[in-house]
1. Among the residues of region 75-84, is there at least one that is assigned to a helix (DSSP H, G or I) and more than 15 Å from the chain's Cα centre (by Cα)?
2. Kindly list, by first and then second residue, each pair from a residue in region 85-98 that is closer than 13 Å to I63 by Cβ and at pLDDT 95 or above to a residue that is among the charged types (D, E, K, R) and in a helix (DSSP H, G or I), limited to pairs with Cβ atoms under 6 Å and residues at least 6 apart or on different chains.
3. Taking region 263-279 as the search range and keeping residues that are surrounded by 11 or more Cβ atoms within 10 Å (Cβ to Cβ) and among the small types (G, A, S), which one is farthest from M328 (Cα to Cα)?
4. For K172, state whether it is more than 22 Å from I63 (Cβ to Cβ), modelled with pLDDT of 95 or more and not acidic (D, E).
5. Pairs under 6 Å by beta carbon, first residue closer than 12 Å to D97 by Cα in region 56-70, partner aliphatic (A, V, I, L, M), six or more apart or different chains?
6. For A90, work out the one condition from (1) loosely packed, with under 15 Cβ neighbours inside 10 Å; (2) in a loop (DSSP other than H, G, I, E, B) it doesn't fulfil.
7. Which one of these is assigned to a loop (DSSP other than H, G, I, E, B), of a type outside the set (V, I, T) and closer than 21 Å to G297 by Cβ: A257, A178, A266?
8. I'm trying to understand the selection: among the residues of region 181-205, which are assigned to a loop (DSSP other than H, G, I, E, B) and among the polar types (S, T, N, Q)?
Amino acid sequence: MIYMTLSKPIRFALVGFVVTALAALVFMVNRSNLNEDEDYPVALTSAPSLPLKGVTLDTPYDIGKAVSVIKTHDSRLTVRLVMDSGVPVADYKKAVDALSPHANIMVEVLDSEELSDHSADWIRTRTEQAFKALGDKVSIWEIGNELNGEWTGSSPREINAKAKAAYDVVKKHGGRTAITLNYWSGSDCYTHDWESTLSYARTLRSEFSKIDYVFLSVYETACTPRQHPSAQDLSKTLKSLGEYFPNAYLGIGEVGAQRPEDDGIAEPDFAEKSRLANYYYGMHGQMKNSVGSRYAGGYFWWYFRQDAVDAPAAQSLWPSIREQLKKM
């Protein structure tokens, strides 16, 4: 072999050259990986203070009008911004940049109405894009919305794989995650046994054990006959969820007065919207006393844009919601 024909000094020099070259190669590979990670912002390190005083915006557009309303509250709100699959991430970045000086941001990666339309791979890519653009200004990432609804997919296995795709991305980059489940008062609220709130939660325990927040979505008109859960009813379900997810904060992730386009129901009048907003935001004290220190609040009125930002003054829910938030 060539090695045997070389003098000892030359052999040492050759070995040194090879070692140096290998070290340089390892450094370049590691540097390449580092540069890839450096493309992502550092996740927020401080959690939003509790209780979460939540409202929902379902569009990133005309955000200045929403900011002007939010700024009139005397404490920092948490704005839940819902991402629509057809809207560019860049448009959400503009909205988050405008909102973040005035509110904590919670991003819903994909609404339950769209979940069945997209694959786990698509959701993974979308979440990567969103975190890369927004990660340093988003406090909470809702990686699964109303998962226990038949409109989201055909089985927990299919649905959970999609939520897990988003969950893994956010956790990889150090972000906080949330899951929202439908609150069902009884079996007449759903079609399949797996849609039961607590039954579905059991399918999530192993793969989502480090979830940071578990929320309930509560709509009275989602059930026939109509449901009307008390603070005690909701607290009981949240405490059961707390046993499944012992490290998670617990709260209400969505309330509202459903519209005809949601489920063919009658258009709610202002009195009905006011009743629901006052009822659910107004149960905060009872919920906190019952659930305890892990209770996060939330509520996140879904129709905040329509009912508080765009509504004429005489029909705006903002005075009612703002008053209830002040009591929290």
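The values are calculated or read from the model by the stated rules, or taken from the named source; none is laboratory data. Nothing here was measured: the structure is a model prediction, and the numbers come from that model. For neighbour counting, all protein chains shown are included, and Cβ atoms are generated from backbone atoms with ideal geometry for every residue, glycine included.
1. Filtering region 75-84 down to residues assigned to a helix (DSSP H, G or I) leaves none.
Within region 75-84 (the criterion being assigned to a helix (DSSP H, G or I) and more than 15 Å from the chain's Cα centre (by Cα)), the answer is no, since none of the residues qualifies.
2. Matching pairs, first to second residue: none at all.
3. The first filter runs over region 263-279 and keeps only residues surrounded by 11 or more Cβ atoms within 10 Å (Cβ to Cβ), leaving 263, 265, 268-270, 272-279.
When the remaining residues are screened for being among the small types (G, A, S), the result is 274, 277.
On the way: S274: 18, A277: 14 Å.
Once the filter is applied, the top-ranked residue is S274.
4. Values: more than 22 Å from I63 (Cβ to Cβ): yes; modelled with pLDDT of 95 or more: yes; not acidic (D, E): yes.
Yes, satisfied.
5. P60/A95; I63/A95; I63/A98; V67/A98
6. Result: A90 passes all but (2).
7. On the way: A178 fails: assigned to a loop (DSSP other than H, G, I, E, B); A266 fails: closer than 21 Å to G297 by Cβ.
Only one candidate qualifies: A257.
8. We begin by selecting, within region 181-205, every residue assigned to a loop (DSSP other than H, G, I, E, B); these are 183-186, 190-192, 196, 205.
S185, T191, S196, listed by residue number.
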